[in-house]
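The values are calculated or read from the model by the stated rules, or taken from the named source; none is laboratory data. Please read all numbers here as calculations on a predicted model, not as lab measurements. Quick reminder, even Gly has a Cβ in these numbers, built from the backbone with ideal geometry, and neighbours come from all protein chains shown. Ligands, DNA and RNA are stripped out before the accessible areas are found, and what is left, the full protein with its side chains, is counted by its heavy atoms. Shrake-Rupley method; radii C 1.70, N 1.55, O 1.52, S 1.80 Å.
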Amino acid sequence: MTASSPPLLQVRNLQVVYHSVVRALRGISLEVPQQGVVALLGPNGAGKSTALRAISGLLELHDGTITKGSVAMSGQNLLRLPADVRVREGVVQILEGRRILGELSVEENLLAGGFGMGAKARAELVESAFTRFPVLRERRRQKAGYLSGGEQQLLAICRGLMRRPKVLLLDEPFLGLSPKAVGEVSELIQRISAEGVSVLLVEQNASVALRLAHYGYVLETGKVVLDGPADRLRDDPDVQEFYLGFGREGQRGYHELKRYRRKRRWLS
Amino acid sequence: MTQLLQLSISGLALGASYALIALGFSVVYRASRLFNFAHGELLSLGAFLMTALVDVLPWWLALFAAAALTGGLAALLERTVLRRMVGRPVFTTIILTLFLGLLLRAGIVIAFGTDTRGMPTPWDAMAEVQVGNATVLLSSLVSLGATTAVLVLMHALVQRTPLGVAMRAASESQEVSLALGIPVGRVLAFTWFLAGATAAVAGIFLGMFPRSVDSNLGYVALRAFPAIIVGGLESVVGAVVAAFMLGLLEVLSQAYVNPHLGAFGHNFHAVFPYAAMILFLVLRPRGLWGEHEVRRV
Ligand SMILES: Nc1ncnc2c1ncn2[C@@H]1O[C@H](COP(=O)(O)OP(=O)(O)OP(=O)(O)O)[C@@H](O)[C@H]1O
Ligand SMILES: [Mg+2]
């Protein structure tokens, strides 16, 4: 984690357009080191999910294109690889909104995350997920759709761990979770990070994210407007005002964002 | 009683073929979210290929080859044409698959002509066996056994193997599946392959005596349609159960209802399942097992 060791993931001057017209990223650069948690913060529509999709290869599905820039892992250009290959290379995105396969059982969700692996390795990884969270073992045969929101998020992350990722891209993992579940998920993220997996954590909940992360980037309308070590960001008056909910302006602004977000979800 | 047993066996044999058709149709619907109206022509192609392949291959090998070739064509259609249609309006994909069906049909007529052909069997096509008091065609029994075996194998594949898990995952969400590292494109193509191959098997057994193979065989798929609707598009098991009921209903009504309707009853059994389907949908709009609402087109 020294400044001199080369980064694991390197994004340079990335520009993304949806449907050939909507500009979502206007040239962002960021780095994720070999170990540690990096936070990517920003309001609705800033382009956080777009950045993750560009790294994981899921842009195509949303009719998005990279018009400029590069994404590399350990020096290898990722942009030429299709999404499923990137996953097997160790770049795993946990999608926003948990996205459990509700018709499949809990165990099958894990197995789906290990498709194409040897049977033995797959069984071992399922076993390690069950050991982490005994509740998943108890309910292995039930439809995963019946798990609580917190349990679903834990399952979603464990399912992503089936590939033994080098870097985990987490898109708003705390969204809609109870405080208790937020605690469990942050603990899991800390443990994963301690086990040597790099994490790029996208969040609107900056206070939780900056507690987990050692470095952070703030994204607004497709551009990085601020970046620095997590403790410096925590002390930054702008971040405090707009993302940590200090100061009256900020509090209202953040609150409104959340309301807008809820409304948008109802509509979609 | 004897007659009832006899009819029930041939009804179930017919139902098993309908079940294979319904299975292929609904598996494709779940994977690609489209109604494949070319499915019937795949069935017809499989039967015609079989009539030609038995000249050069042993019967069982010809069966596998006809199924594999038909499945391969289905997968090719998916990769080249239909994959681009995912997410398009239902109407567009219906027109497109109807058109592909017509093309296939034209191709079949060009390649095999319009003559009616008998489906060759390694056993005497008219051989009969005793089941209790009833005398049934050996072909009906083999057909019932073979198609049921294929159904059971398909079920095991989808429910019990990693590939089946991937197929169900891709049906539920392509984005999630891709994010999990599942090669969704290949899984979809394989799903279509299975649908084509099972359609061919259904076509081959449907073409056996007392029926035959002609260029209208593809329309049989339309007869399986009520089973798909009643069973619920989302539920493969529901479609299969409904298909067996449909086969029974068709054969039994042909024997017991048609004669009482005079001139009107001539082809009543062909219409009856549709009437039953409409009645059923009024009573249970979500299908036999349907948790999801039947999509209205
Ligand atoms: N599929 C899409 N088609 C068109 N535009 C899109 C699409 N997805 C995102 N956008 C646009 O791209 C911009 C960035 O969106 P993105 O989803 O990356 O933001 P975000 O930071 O993840 O926001 P949120 O916090 O709401 O998830 C927004 O203006 C959004 O409207
Ligand atoms: Mg987002």
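Some values worked out for this structure:
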| read-out | value |
| --- | --- |
| Heavy-atom accessible area per residue - segment B:230-277, 1.4 Å, Å² | 46 |
| Full-extension gain in nm, B:Leu222 to B:Thr135, via 0.36 nm per residue minus C-alpha separation | 28.4 nm |
| Simple spin-label estimate for B:Phe64 and B:Arg186 in nanometres, 7 Å along Cα-Cβ | 2.2 |
| Area projected by the alpha carbon convex hull of the protein assembly as shown, averaged over all directions, nm² | 30.6 |
| Size of charge dipole - the protein assembly as shown - debye, nearest 20, with Cβ of Lys, Arg +1 and Asp, Glu -1, no other charges | 1020 |
| Estimated buried accessible area (total), pair A and B, 1.4 Å, Å² to nearest 100 | 2000 |
| In order through segment A:91-107: 3J(HN,Hα) via Karplus (6.51 cos²θ - 1.76 cosθ + 1.60), integer Hz, x for Gly, Pro | 9, 10, 9, 9, 5, 4, x, 6, 6, 5, 7, x, 7, 8, 6, 4, 5 |
| Volume per residue of the C-alpha convex hull in segment B:149-297, rounded to whole Å³ | 145 |
| Cα gyration tensor shape for segment B:55-124, rounded if a/c is under 1.5, else prolate or oblate | prolate |
| At least 50 Å² of accessible area lost relative to the chain alone, listed for segment B:173-210 with a 1.4 Å probe | B:Glu175, B:Val176, B:Leu178, B:Ala179, B:Leu180, B:Gly181 |
| DSSP-defined antiparallel bridges as percent of all bridges, chain A, nearest 5 | 60 |
| Per residue accessible area in Å² of segment B:2-222, where ligands, DNA and RNA are left out and the probe is 1.4 Å | 39 |
| Where labels lie 7 Å past Cα in the beta-carbon direction, separation of B:Ala52 and B:Thr114 in nm | 1.9 |
| Rounded percent of accessible protein surface that carbon and sulfur make up, segment A:9-230, 1.4 Å probe | 49 |
| Charged-residue dipole, Cβ positions (Lys, Arg, Asp, Glu), chain B about Cα centre, Debye nearest 20 | 780 |
| Computed lengthening from B:Arg88 to B:Met126, 0.36 nm per intervening residue step minus Cα-Cα distance | 8.9 nm |
| Number of partner chain Cβ atoms within 10 Å, mean per residue of A:37-47 | 0 |
| The protein assembly as shown - share of DSSP beta bridges that are antiparallel (%, nearest 5) | 60 |
| Efficiency of FRET from Cβ geometry, A:Gln35 and B:Arg284, R₀ 60 Å, rounded to 0.05 | 0.60 |
| For segment B:1-84: rounded, prolate or oblate by the Cα gyration tensor [a/c cutoff 1.5] | oblate |
| Viscosity 0.692 mPa s, temperature 37 °C, Stokes-Einstein D of segment A:9-230 from Kirkwood C-alpha radius, µm²/s | 186 |
| Within segment A:9-230: Cβ-based charge dipole about Cα centre, in debye rounded to nearest 20 (Lys, Arg +1; Asp, Glu -1) | 300 |
| Relative contact order %, chain B, counting alpha carbon pairs below 8 Å whose residues are six or more apart | 35 |
| Among B:Val220, B:Leu98, B:Leu153 the positive-end extreme of the charge dipole of segment B:2-222 (Cβ point charges) | B:Leu98 |
| Calculated P(r) tail over 21 Å for segment A:1-114, as whole % of Cα pairs | 42 |
| DSSP loop trypsin sites (Lys or Arg not before Pro) with at most 12 other Cβ within 10 Å: longest gap in chain B | B:1-294 |
| Rough spin-label spacing in nm, given labels placed 7 Å along Cα→Cβ, for A:Tyr18 and A:Glu138 | 4.0 |
| Rg to Rh, two decimals, where segment B:2-222 supplies the alpha carbon set and Rh follows Kirkwood | 1.00 |
| Within a Gaussian network of chain B (alpha carbon springs, distance under 10 Å), most fluctuating of B:Val213, B:Val165, B:Val150 | B:Val165 |
| Residue-normalised accessible area of segment A:64-184, given per residue in Å² at a 1.4 Å probe | 42 |
| Helix-only [θ]222 nm of the protein assembly as shown, DSSP H runs n ≥ 4, -39500 (n - 2.57) each, per residue, nearest 500 | -17500 deg cm²/dmol |
| Accessible-area composition of segment B:104-243, carbon plus sulfur, in percent [1.4 Å probe] | 64 |
